[in-house]
Amino acid sequence: MAAPLVSGAMTSTTAVSPEQRRSPVGTLTVIPWVSEPTPEDPGTPMLMVYSLGDGPEGPEAAVASLRATLEQLGLSAGERLTDLGKDSRIPVTLLVEAQQAVLTLPFMKVQCPVPPEWQAAAHTKEQVYLIFALRPWPEAVPGQEVPAERLRAFVSDEGLLEGAAHCLAPVMRVRT
């Protein structure tokens with residue numbers, strides 16, 4: 001599987017909640033980015049969920065716990081892409097509005113600021129490419145900017161995408 005392209009914009013991470021540190025998974029974090037747009041295509045909006053690996057039992061336990069949690073939901077690591085718009089048995093919602101993405105799963109809920117180009121791409125495509133990286137990324141801490149080069153290096157590192165769970169999540173909007 002080819003690594004997703006990362007736009008030149010810097011983005012920041014958002015932590016799920018401080019309570020996650022007591023979980024074997026540790027702190028779960030999300031980071032948004034959008035692939036390079038073209039004149040015909042606004043790019044693909046992506047949202048990656050990953051652990052800092054700071055759980056009480058260490059990074060290896062974080063990987064095992066996150067893998068087990070995803071498998072309980074019906075998601076598996078590997079190259080299979082699950083379309084959550086067609087597989088309604090997996091309870092995932094993604095609300096995108098006011099430059100915020102709100103991702104809700106049975107084991108987490110997070111509100112993440114997103115850049116305008118990410119939101120525009122999400123609304124145009126009506127879905128977001130969601131990646132659950134099993135490999136911890138302790139260097140990308142919540143609230144700090146992540147340069148595109150660092151994100152690109154992490155995402156394209158050997159085995160990261162092959163060992164992640166991949167989904168297409170439909171985008172919900174506030175109805176007025």
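Can you tell me the orientation of helix 59-73 relative to the chain, as the angle in degrees between its alpha-carbon axis and the longest Cα principal axis, to the nearest 10?
Once rounded, the angle reads 60 degrees.
What is the sum of charges around residue 163, taking Lys and Arg as +1, Asp and Glu as -1, for the other residues whose C-beta is under 15 Å from the C-beta of residue 163?
Values: positive: 67, 80, 135; negative: 60, 71, 79, 157, 158, 162.
My count for the surroundings of residue 163 gives -3.
Under 5 Å between amide H atoms, partner at least 5 residues away or on a different chain: which partners does residue 101 have, H built in plane at 1.01 Å?
Under 5 Å from the amide H of residue 101: 112, 114.
Counting other Cβ atoms within 10 Å, keep those with at most 11, restrict to DSSP loop, and tell me which trypsin sites (Lys or Arg not before Pro) in segment 24-130 are left. Let's see the in-between values first.
Working: sites: 67, 80, 86, 89, 109, 125; in loops: 80, 86, 89.
Of the trypsin sites (Lys or Arg not before Pro), the ones in loops of segment 24-130 whose Cβ has at most 11 other Cβ atoms within 10 Å are 80, 86, 89.
Find the relative contact order for segment 29-176 and round it to a whole percent, using C-alpha pairs within less than 8 Å whose residues are 6+ positions apart. Display every interim value, and only then the final one.
Values: 268 pairs, mean separation 50.2, N = 148.
Contact order relative to length: 34 percent.
Please list 3J(HN,Hα) in residue order for segment 34-43, calculated via the Karplus relation 6.51 cos²θ - 1.76 cosθ + 1.60 where θ = phi - 60°; whole Hz, with x for glycine and proline.
10, 5, 4, x, 10, x, 8, 9, x, x
Heavy-atom accessible area per residue, segment 14-139, 1.4 Å probe: how many Å²?
On the way: 5700 Å² over 126 residues.
On a per-residue basis, 45 Å².
Ignoring everything except DSSP H segments at least 4 long, calculate the 222 nm mean residue ellipticity for the chain; use -39,500 (n - 2.57) per segment, divide by total residues, nearest 500.
Mean residue ellipticity, 222 nm, calculated: -5500 deg cm²/dmol.
Over the chain, how many percent of alpha carbon pairs lie in each 10 Å bin up to the one with the longest distance?
Over the chain, the share of Cα pairs per 10 Å bin runs 10, 41, 39, 9, 1 percent.
Can you tell me the 0 to 90 degree angle between the C-alpha axis of helix 116-125 and the longest principal axis of the chain, rounded to 10?
Once rounded, one gets 80 degrees.
The values are calculated or read from the model by the stated rules, or taken from the named source; none is laboratory data. Please read all numbers here as calculations on a predicted model, not as lab measurements. Cβ sites come from the backbone with ideal geometry, for glycine too, and all protein chains shown count toward neighbours. Note: accessible area is taken over every heavy atom of the protein model, side chains too, but ligands, DNA and RNA are not part of it. Shrake-Rupley method; radii C 1.70, N 1.55, O 1.52, S 1.80 Å.
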